[in-house]
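The values are calculated or read from the model by the stated rules, or taken from the named source; none is laboratory data. Here the structure is a predicted model, which is why all the values come from computation and not from measurement. A quick note on method: Cβ atoms are made from the backbone with ideal geometry, for glycine too, and the neighbour counts reach across all protein chains shown. All accessible areas refer to the heavy atoms of the entire protein, side chains included, with ligands and DNA or RNA removed. Shrake-Rupley method; radii C 1.70, N 1.55, O 1.52, S 1.80 Å.
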Amino acid sequence: MPAHISGAMTQRCFYKMHGLGNDFVVVDARAELFEADSERIRAIADRRTGVGCDQFIVITPPQHKAASAGMRIFNADGGEVEACGNAARCIARLLMDEGRDQVRIESPAGILVARRANGEKVTVDMGPAGVDWVDIPLAEAQDTLHLDLEIGPYRDPCAVNMGNPHCVFFVDDAEAVDLAHWGPQVEHHPLFPQRTNVEFVHLAGPNHLRMRVWERGVGITRACGTGACASVVAARRRYLVDGPTRVTLDGGELEIDWITTGHVLMTGPTALSFRGEWPL
């Protein structure tokens with residue numbers, strides 16, 4: 001990473017990146033501390049008066065010797081969260097541009113191993129999927145394969161934890177769902193004490209899902225990597241797909257595979273939109 005990323009006394013440098021339109025402001029704090037308070041993050045994330053982003057990412061020094069770097073993740077509302085698949089690919093890409101073909105990123109969800117894939121794509125091992133009700137977590141014991149939950153016309157979702165909680169509804173047509181109306185109702189449902197991300201998914205073809213997402217603390221986004229992983233895990237558990245699966249999101253496509261170890265592999269593109277700086 002260029003030496004100037006740490007900035008100077010009067011300014012701070014950042015990257016604006018995205019994975020399939022799920023966009024991030026990234027600050028490298030390995031050499032220079034960055035105070036990530038919620039008010040400051042909300043101001044930076046504001047799309048009218050700030051830089052604008054779905055998530056704000058801070059690259060930190062690793063706490064464990066096995067990791068290449070650490071990653072802290074903040075939603076646009078300023079709240080810190082556990083996981084973000086698209087951001088993990090973007091951070092991996094920055095770290096690999098320093099001269100490595102594989103990196104290990106320390107996150108609140110664990111150490112994520114990432115490697116270069118075909119072309120400009122990056123593959124990240126997102127770790128194991130959590131499918132027990134305490135893993136999600138839920139407010140009460142339930143069968144996560146068929147939650148006793150009904151929101152308007154939508155019912156019988158599946159719950160998965162991919163380092164963060166997800167509620168996946170299988171529907172006839174994901175395009176027809178009013179995400180802005182139903183998404184926040186599910187996110188804030190009492191069944192989810194830590195709130196939840198919400199996916200509406202339909203089977204688009206053999207081993208091909210179409211997914212739209214309402215992200216916890218953000219709203220409608222063009223893509224969600226952990227949401228795509230959770231959707232494939234849910235679809236595999238319900239025997240809708242049976243192998244590596246293509247997931248079409250509003251912003252493009254990801255390739256997801258739930259392998260025999262129980263880990264979920266996610267492959268997709270990354271993009272650098274621009275570099276910038278703001279006054280300290």
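Annotations
- Within segment 100-110, considering residues that are in a strand (DSSP E or B) and within 15 Å of the chain's Cα centre (by Cα), the one farthest from residue 81 (Cα to Cα): 105
- Single condition residue 242 does not satisfy, out of (1) of a type in the set (D, E, K, R); (2) part of a loop (DSSP other than H, G, I, E, B); (3) in contact with a strand residue (DSSP E or B) (Cβ under 7 Å, 6 or more places away or on another chain): (3)
- Matching residues in segment 199-218 - criterion: being surrounded by fewer than 24 Cβ atoms within 10 Å (Cβ to Cβ) and either among the hydrophobic types (A, V, I, L, M, F, W, C) or under 13 Å from the mean Cα position of the chain (by Cα) (or both): 203, 204, 217, 218
- Considering residues of segment 25-58 that are buried (at least 21 other Cβ atoms within 10 Å of the Cβ) and charged (D, E, K, R) only, the residue farthest from the chain's Cα centre (by Cα): 28
- Filtering 191, 209, 254 for residues that are outside any loop (DSSP other than H, G, I, E, B), among the aliphatic types (A, V, I, L, M) and over 22 Å from residue 108 (Cβ atoms) leaves a single hit, 209.
- When residue 61 is tested against (1) touching a Lys or Arg at 6+ places or on another chain (Cβ under 8 Å); (2) of a type outside the set (D, E, K, R); (3) crowded, with 16+ Cβ neighbours inside 10 Å, exactly one condition is not met: (3).
- Residue in segment 122-176 that is nearest to residue 227 (Cα to Cα), counting only those that are among the β-branched types (Val, Ile, Thr), open to solvent by 10 Å² or more (accessible area, probe 1.4 Å) and in a loop (DSSP other than H, G, I, E, B): 131
- Some residue of segment 66-75 being under 22 Å from residue 165 (Cβ atoms), of a type in the set (Lys, Arg) and open to solvent by 10 Å² or more (accessible area, probe 1.4 Å): yes
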